[in-house]
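Visitor: Below is a structure I'd like to ask you about.
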Protein chains: 2
Amino acid sequence: MARASTTSDVFNAVGDAGRREILDALIAGELPVGAIVDRLSMSQSQVSKHLRVLNEVGLVRCRAEGRCRLYRLEPARLRPFHEWLAKHEQAMNARLDKVDEYLKELQQQGAQS
Amino acid sequence: MARASTTSDVFNAVGDAGRREILDALIAGELPVGAIVDRLSMSQSQVSKHLRVLNEVGLVRCRAEGRCRLYRLEPARLRPFHEWLAKHEQAMNARLDKVDEYLKELQQQGAQS
DNA sequence: TTGATATTTGCCGATATAGGAATATGATTT
DNA sequence: AAATCATATTCCTATATCGGCAAATATCAA
């Protein structure tokens with residue numbers, strides 16, 4: 001089956017460091033492609049292609065203004081990340097709680113003996 | 001340059017759905033390889049290979065017990081995710097705040113006119 | 001129209017995996 | 001030692017990108 005394509009799996013799309021850099025650059029706000037090319041050391045076509053992937057997977061949106069294409073983040077699409085991370089954190093905390101309980105039990109036992 | 005390898009980039013490692021499934025399965029707690037193979041519909045060698053990747057990238061740890069290898073999560077390695085997401089959330093919230101301020105301004109102006 | 005600017009797209013080669021099948025390694029039991 | 005169980009690893013093929021370069025598109029200016 002191979003991996004789900006970068007254009008359909010948000011996790012896979014973000015798996016590329018270059019695309020993360022682009023997303024990070026866009027935190028500053030809506031930017032035309034050229035501006036992204038300037039701040040990052042990437043070729044223009046490279047940026048364009050990454051933007052296409054990010055757009056297809058829904059992490060960015062694009063609007064045309066004159067001859068520029070302005071890209072902006074679509075942070076709502078980070079939700080899968082959020083949920084996944086939350087799931088794992090919850091589990092981790094639950095386990096920490098168990099450790100806590102365990103330690104308390106030990107203390108109680110220690111106080112009794 | 002291509003993407004950073006799955007064995008060195010946590011984001012890339014998690015970019016594969018199969019590996020995410022394995023990580024999810026391990027939320028229940030430490031598990032031997034066979035147990036993972038049983039719950040997920042993946043071949044043994046597939047699971048083993050994914051575990052190797054996850055281990056190299058530090059997302060899981062392994063200990064041997066008899067002829068079994070027990071794998072467990074190493075949730076600390078999710079930190080890069082955490083930080084990255086936090087960065088983007090922060091930015092998103094900041095922008096929402098701006099929208100808020102903007103709306104308030106509009107209301108004030110509306111009240112004055 | 002011609003030219004310049006902004007961005008996308010197609011083509012190509014190099015590389016990284018993913019996945020299956022079979023085999024190898026290691027530990028345990030008989 | 002031989003057989004068995006649990007896992008890892010090797011070999012091989014198909015495929016998915018990635019990155020560069022050049023050509024194609026689109027928009028605006030003179």
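The values are calculated or read from the model by the stated rules, or taken from the named source; none is laboratory data. Source: prediction; values computed, not measured. Quick reminder, even Gly has a Cβ in these numbers, built from the backbone with ideal geometry, and neighbours come from all protein chains shown.
Visitor: So which residues in the range A:8-31 are surrounded by fewer than 16 Cβ atoms within 10 Å (Cβ to Cβ), within 11 Å of DNA strand D (Cβ to nearest atom) and among the aliphatic types (A, V, I, L, M)?
Guide: Within the range A:8-31, just A:Ala17 meets the criteria.
Visitor: What are the pairs with Cβ atoms under 9 angstrom where one residue, in the range B:1-18, is more than 7 Å from chain A (Cβ to nearest Cβ) and the other, located anywhere, is hydroxyl-bearing (Ser, Thr, Tyr)? Sequence gap at least six, or different chains.
Guide: Matching pairs, first to second residue: B:Ala13/B:Ser5; B:Ala13/B:Thr6; B:Ala13/B:Thr7.
Visitor: Of the residues B:Gly34, B:Gly66, which single one is without any contact (Cβ under 8 Å) to a residue 60 or more places away in the chain and either buried (at least 17 other Cβ atoms within 10 Å of the Cβ) or within 7 Å of DNA strand D (Cβ to nearest atom) (or both)? If you could, list the steps in order and put the result at the bottom.
Guide: Working: B:Gly66 fails: either buried (at least 17 other Cβ atoms within 10 Å of the Cβ) or within 7 Å of DNA strand D (Cβ to nearest atom) (or both).
None of the others qualify; the one that does is B:Gly34.
Visitor: Checking the condition within 9 Å of another protein chain (Cβ to nearest Cβ) and either on the phi > 0 side of the Ramachandran plot or in contact with a His (Cβ under 6 Å, 6 or more places away or on another chain) (or both), which residue from B:Gly66, B:Gly58, B:Gly29 passes? Walk me through how you get there before you give the answer.
Guide: Values: B:Gly66 fails: within 9 Å of another protein chain (Cβ to nearest Cβ); B:Gly58 fails: within 9 Å of another protein chain (Cβ to nearest Cβ).
On inspection, the qualifying residue turns out to be B:Gly29.
Visitor: Looking at B:Ser5, is it exposed (fewer than 14 other Cβ atoms within 10 Å of the Cβ) and part of a helix (DSSP H, G or I)? Working first, answer last.
Guide: Details: exposed (fewer than 14 other Cβ atoms within 10 Å of the Cβ): yes; part of a helix (DSSP H, G or I): no.
Against the criterion (exposed (fewer than 14 other Cβ atoms within 10 Å of the Cβ) and part of a helix (DSSP H, G or I)), B:Ser5 does not qualify.
Visitor: Hey, another quick one. Could you check, for the range B:82-98, whether at least one of its residues is more than 18 Å from the chain's Cα centre (by Cα) and modelled with pLDDT of 95 or more? Break it down stepwise before answering.
Guide: So the first thing to find is which residues in the range B:82-98 are more than 18 Å from the chain's Cα centre (by Cα), and the list is B:90-98.
Checking which are modelled with pLDDT of 95 or more leaves us with none.
The answer is no, given that none of the residues of the range B:82-98 is more than 18 Å from the chain's Cα centre (by Cα) and modelled with pLDDT of 95 or more.
Visitor: Out of the residues in the range A:27-68 meeting the condition of being in a helix (DSSP H, G or I) and among the hydroxyl-bearing types (Ser, Thr, Tyr), tell me which one is nearest to A:Phe11 (Cα to Cα). Step through it out loud before you land on a result.
Guide: To start, the set of residues in the range A:27-68 that are in a helix (DSSP H, G or I) comprises A:27-28, A:33-39, A:44-56.
Keeping just the survivors that are among the hydroxyl-bearing types (Ser, Thr, Tyr) gives A:45, A:48.
Values: A:Ser45: 23, A:Ser48: 20 Å.
My answer is A:Ser48.
Visitor: Considering only residues that are aliphatic (A, V, I, L, M) and either surrounded by 14 or more Cβ atoms within 10 Å (Cβ to Cβ) or in a loop (DSSP other than H, G, I, E, B) (or both), look in the range B:69-97 and name the one that is farthest from the other protein chains (Cβ to nearest Cβ).
Guide: Just the residues of the range B:69-97 that are aliphatic (A, V, I, L, M), to begin with: B:70, B:73, B:76, B:78, B:85-86, B:91-92, B:94, B:96.
Pick out the ones that are also either surrounded by 14 or more Cβ atoms within 10 Å (Cβ to Cβ) or in a loop (DSSP other than H, G, I, E, B) (or both) and you get B:70, B:73, B:78, B:85, B:91-92.
On the way: B:Leu70: 15, B:Leu73: 7, B:Leu78: 6, B:Leu85: 6, B:Ala91: 4, B:Met92: 4 Å.
Filtering first and then ranking leaves B:Leu70.
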